[in-house]
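Below is one structure, written out as structure tokens; the observations come after it.
Where a number appears in this text, it was derived from the coordinates with a stated rule and is not lab data. From a predicted model like this one, the values you see are computed outputs, not experimental measurements. Cβ atoms come from the backbone with ideal geometry, glycine included; neighbour counts cover every protein chain shown.
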Amino acid sequence: MRHLWMWGVLFVAALALGCGGGSSDTGQLRFMQASLISEQVQLLVNGTQQATNLNYGNATGYLSLKSASQHVQVLPVSGSTTPILDTKVSINSTVPQTLLMTGITGAIGSVLLSDANTTAVTGDIHVRVVNASNRMGAADVYILPAGSSIIGAVPVANGPFGFNQNTGYQLVASGGYQVVMAVPGTTNAVLSTGTINPASSSLNQTVVVLDKAAAGGFTFTVLQDQ
């Protein structure tokens, strides 16, 4: 009987491991509220609150979560139990990820980005631009040394980039840089960030292009990636 009991314990343990229940791996997930809605939101993962009072354009830090499929919900802080966003995210134990909630009321969606570690020459960084603007439409993206003109410059390949699309990481030389969004095939800029100074040459950056909450126009947020 003792042998049978031991085999039963081993079987249950093996079954738990096979279902992913025994994994202790964790991954990193960051959330950004990039949806043009007026109310503050809170972030829940598997029913547990991870962040609250997030305004438009706000992002959390990286959250350490179990490497598995996680139930992610975004709810208003007003007390409503109806999620604004309700999705599943597969947490990666080797690559940090960023989840953006995008869109407008009645058409909310999300974008999941892999914040892949990249190797650059000492002092250089990688920069990625995400077009999260509902109003801008597709645009050519320029990532240039600070103070440079787009006249004669070459936009990022595979553009123009529309809503919820991103450029992937682009190598940027040390020092400040700027991002310019332009009407495709023209030098008509619709957004110029001005000089952006990297916080560290060891970190990648993501520039998220957004609609201004008020009377038109565009703005941006810079995220420091792991």
Length-normalised contact order of the range 140-212, Cα under 8 Å, at least 6 apart, in percent, tallies to 32 percent
When only C-alpha pairs under 8 Å and at least 6 residues apart count, what is the relative contact order of the range 24-114, in percent? 35 percent
Along the positive direction of the dipole of the chain (beta-carbon charges: Lys, Arg +1; Asp, Glu -1; about the Cα centre), which of Met32, Ala116, Ser69 reaches farthest? Ser69
Sort 50-57, 98-105, 219-226 by the packing proxy (mean of other Cβ within 10 Å over each peptide's residues), most packed first. 98-105, 219-226, 50-57
Relative to the Cα centre, what is the charge dipole magnitude of the chain, using +1 at the beta carbon of each Lys and Arg, -1 at the beta carbon of each Asp and Glu, and rounding to the nearest 20 debye? 320 debye
Report the local net charge at Thr219: Lys and Arg +1, Asp and Glu -1, summed over other residues whose C-beta lies under 11 Å from its C-beta. 0
Relative to the longest principal Cα axis of the chain, at what angle does helix 2-18 sit, 0 to 90 degrees, rounded to 10? 10 degrees
Descending Cα extents along the principal axes, the range 23-98, whole Å: 37, 22, 15
Charge dipole of the chain about the Cα centre (unit charges at C-beta), most positive-ward option of Asn55, Ala213, Asn134: Asn55
Which of (i) 1.43; (ii) 1.22; (iii) 0.96 is the computed Cα Rg over 2.2 N^0.38 Å for the structure on display? (ii)
Can you give the relative contact order of the chain as a percent, counting alpha carbon pairs under 8 Å and 6+ residues apart? 16 percent
Measuring from label point to label point, each 7 Å out along Cα→Cβ, what is the Thr94 to Ala214 span in nm? 4.8 nm
Which of the peptides 204-211, 167-174 is most tightly packed, and how do the rest follow, judged by the mean count of other Cβ atoms within 10 Å per residue? 204-211, 167-174
Helix-only CD estimate at 222 nm, as mean residue ellipticity for the chain, using -39500 (n - 2.57) per DSSP H run (n ≥ 4): -2500 deg cm²/dmol
In terms of the Cα gyration tensor, with a ≥ b ≥ c the square roots of its eigenvalues, is the range 88-193 rounded because a/c is under 1.5, prolate because a/b exceeds b/c, or oblate? oblate
